[in-house]
Amino acid sequence: MEIERKYLIHKLPENLETYPCKKIEQAYLCTEPVVRIRKQDQEYFLTYKGKGLLVREEHNLPLTETAYLHLKEKADGIILSKTRYLLPLSHTLTIELDVFDAPYENLWLAEVEFPTKEDAENFLPPPWFGEDVTFSTKYQNSTLSL
């Protein structure tokens, strides 16, 4: 189960390059339900995501590079590329800050995953977060790929 809030970011934090990051490439085989393939550094995954915005089912399965490249040829829409920075927020929470490459090079989104729906609903974001877009399908990566 994935429980997360998502926010637009209008100004990147200082010293962003000092945080750990992952280079991500992802493509969508289907957007309803969401079936995604992802290359994250040198790891490969196939992901199924159920319906929902704040809370939804999510299953990740490992792929080989060969399987990833084979499925990538079958992707619908554009292949998204981004750098994900991992910024600690508390002892249990991490901000996943996505800085997108072209054609979304001016799009920055922050996601925070939570252990419970109640924690997500009671979350107070840091002051540098912009609008809460958790309930907007416009900012789902599957929508951005179309």
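The values are calculated or read from the model by the stated rules, or taken from the named source; none is laboratory data. This one's a predicted model, so the numbers in the text were calculated from it and none came from an experiment. Because the Cβ atoms are built from the backbone with ideal geometry, glycine has one as well, and the counts that use them run over all protein chains shown. Accessible surface areas use protein heavy atoms only, side chains included; no ligands, DNA or RNA. Shrake-Rupley method; radii C 1.70, N 1.55, O 1.52, S 1.80 Å.
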Q: Enumerate the amide H contacts of Thr94 below 5 Å, restricted to partners 5 or more residues apart or on another chain; note that Pro and chain-start residues carry no placed amide H.
A: Leu89, Glu113
Q | Accessible surface, 1.4 Å probe, highest first, among residues His59, His10 | A | His10, His59
**Q.** FRET efficiency estimate (nearest 0.05) - Cβ-Cβ, Met1 to Lys74, R0 22 angstrom
**A.** 0.20
Q. Under the Karplus relation 6.51 cos²θ - 1.76 cosθ + 1.60, θ = phi - 60°, what is the ordered set of whole-Hz ³J(HN,Hα) values for segment 89-98, x standing for Gly and Pro?
A. 10, 7, 5, 10, 10, 10, 8, 9, 9, 9
(Q) Tell me whether segment 1-62 comes out rounded, prolate or oblate; compute the Cα gyration tensor, take square roots of the eigenvalues as a ≥ b ≥ c, and use a/c under 1.5 as the rounded threshold. (A) oblate
Q. To the nearest 20 debye, what charge dipole does the chain have about its Cα centre, counting +1 at the Cβ of each Lys and Arg and -1 at the Cβ of each Asp and Glu?
A. 300
Q) Tally Lys/Arg at +1 and Asp/Glu at -1 over every other residue whose Cβ is under 15 Å from the Cβ of Gly50; what's the total? A) 0
Q.
Explain nothing, just compute: Karplus ³J(HN,Hα) = 6.51 cos²θ - 1.76 cosθ + 1.60, θ = phi - 60°, for every residue of segment 47-53 in order, whole Hz, x for Gly and Pro.
A. 10, 10, 10, x, 6, x, 10
**Q.** Contact order relative to length of segment 86-146, as percent, for alpha carbon pairs under 8 angstrom and 6 or more apart
**A.** 18
**Q.** Cα-based reach from Lys11 at 20 Å (exclusive), listing aspartates and glutamates while leaving out same-chain residues under 8 positions away
**A.** Glu96, Asp98, Asp101, Glu105, Glu111, Glu131, Asp132
(Q) Taking a cut-off of 14 Å, what percent of all Cα-Cα pairs in segment 82-136 are separated by more than that? (A) 58
Q.
Run the helix sum for the chain: -39,500 (n - 2.57) per DSSP H stretch of 4+ residues, divided by residue count, reported at 222 nm to the nearest 500 deg cm²/dmol.
A. -2500 deg cm²/dmol
Q: Using the structure shown, select from Lys39/Lys72; Lys51/Lys138; Lys23/Lys117; Lys23/Lys82 the pairs with a Cα to Cα distance greater than 18 angstrom.
A: Lys23/Lys117
(Q) Please compute, for the alpha-carbon atoms of the chain, the extent along each of the three principal axes and give them in descending order in Å. (A) 42, 32, 27
